[in-house]
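Data first, discussion second: the structure below is written as structure tokens.
The values are calculated or read from the model by the stated rules, or taken from the named source; none is laboratory data. Predicted model, so just to flag it, every value in this text is computed and none were measured. For neighbour counting, all protein chains shown are included, and Cβ atoms are generated from backbone atoms with ideal geometry for every residue, glycine included.
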Amino acid sequence: MNYIVMDLEWNQCASGHAKENARLPFEIIEIGATKLDEQFNIIDRYGSIIKPRLYRKLQSQIRELLNYDEALLRTGRPFDVVFREFKKWCGEDYMFCTWGPLDLTYLQQNMDFYYLKEFHFPLKFYNLQEIYAINHLGDKSQMPSLEKVVTDLDIPIDEPFHCAENDAYYTARIFQKMNRKKLSDMYSIDFYHYPTCEDEEITSQHINYSEYITRTFDSKKEAMNDKNIATLRCHKCNRKLSKKIRWFINNPTTQICVGKCWNHGLICGKVKFKFTQEGKVFVVKTVEKINKTEYERIRERQILLRDRRKEKRQQKKNAS
């Protein structure tokens with residue numbers, strides 16, 4: 001199996017969201033990639049400029065980042081032509097690797113816009129930014145920039161950043177230097193395509209956590225009434241857990257709970273709501289072990305939010 005380290009550059013409507021195409025808010029203008037073999041040797045590189053169909057003028061912030069302008073874009077080829085060439089270059093047996101999760105989302109949006117054949121489902125990939133943050137920084141909430149990591153690892157900077165082919169190459173060089181212990185367990189699942197029925201639901205079991213991706217529901221309330229979502233089980237032994245902290249709303253798209261497994265300690269369940277273009281919702285539920293400090297932090301968050309709600313209710317009562 002080969003590793004395809006991919007990077008994209010994309011453009012937005014220069015006239016603002018009101019005039020953008022709803023089917024394609026982010027139009028890809030460059031595809032870059034570096035191919036590594038199973039021993040993580042770089043064996044090939046790919047790069048191509050894409051001639052935009054919708055947004056021919058660069059949005060101001062994107063113009064500041066890029067090292068080229070509209071004149072170069074006009075020399076590019078159509079997306080569908082470039083994508084078919086890129087897909088053939090990837091080969092048959094490969095795994096996508098990206099710096100962050102957005103590249104695959106925007107790639108598939110563009111594929112759908114041109115009615116190109118979808119990737120297989122579910123689509124697994126390596127989010128190298130997240131893996132680096134976990135293995136080297138010990139905190140996946142701290143996502144470092146590509147430029148910072150290239151500098152920290154003393155990788156020679158021979159070409160400018162914010163060029164898809166160059167950024168893919170720098171990401172591949174980081175991949176070569178990364179701690180790849182237990183790499184096979186650290187894959188992510190892309191959410192652009194989601195289960196549409198119960199038979200397509202995905203359960204992904206990892207060493208330190210489990211992930212459950214559900215079918216769609218009409219509302220968040222309906223989703224949380226589903227037994228498989230609401231029930232908290234240990235990701236190690238699958239034991240049903242009594243909750244020390246019941247499900248509470250952490251923010252508009254996330255709910256959290258905590259239980260205790262007598263064999264594996266404190267277990268945190270987190271539900272993230274993902275919304276479809278049709279207005280439905282599906283759930284990404286993760287279950288993982290936490291320590292006492294993390295438990296206290298979650299408990300404090302629950303109390304803080306509860307007190308805020310009480311204060312707001314009292315203010316409304318006083319105002320009436």
- Item | Qualifying residues in region 253-280 (those that are within 17 Å of the chain's Cα centre (by Cα) and touching a residue at least 40 places away in the same chain (Cβ under 8 Å)) - the one surrounded by the most Cβ atoms within 10 Å (Cβ to Cβ) | Val271
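For region 279-297, check the following and say yes or no: at least one residue is under 30 Å from Arg23 (Cβ atoms) and at pLDDT below 95. Don't jump to the end; show me each part of the working.
Going residue by residue through region 279-297, those that are under 30 Å from Arg23 (Cβ atoms) are 279-285.
Add one more test, that the residue is at pLDDT below 95, and what stays is 279.
Yes, there is a match, as at least one residue in region 279-297 is under 30 Å from Arg23 (Cβ atoms) and at pLDDT below 95.
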- Right, Ala230: in the same structural domain as Cys97 (by TED's automatic domain parsing) and either free of Cβ contacts under 8 Å to residues at least 24 places away in the same chain or within 30 Å of Ile50 (Cα to Cα) (or both) or not? no
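Could you say which residue among Leu58, Leu73, Leu54, Leu104 is of a type outside the set (Gly, Ala, Ser) and within 23 Å of the chain's Cα centre (by Cα)? Even if it seems obvious, please write down each step before you answer.
On the way: Leu58 fails: within 23 Å of the chain's Cα centre (by Cα); Leu73 fails: within 23 Å of the chain's Cα centre (by Cα); Leu54 fails: within 23 Å of the chain's Cα centre (by Cα).
None of the other options fit; the residue is Leu104.
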- Message: I'd like to check something: does region 150-160 contain any residue that is in contact with a strand residue (DSSP E or B) (Cβ under 9 Å, 6 or more places away or on another chain), outside the structural domain of Phe275 (by TED's automatic domain parsing) and under 13 Å from Gly32 (Cβ atoms)?
- Response: no
- Message: Show me the helices (runs of 4 or more DSSP H) entirely contained within region 56-166 in which 2 or more residues are of a type in the set (S, T, N, Q) and either on the phi > 0 side of the Ramachandran plot or loosely packed, with under 15 Cβ neighbours inside 10 Å (or both).
- Response: 60-65
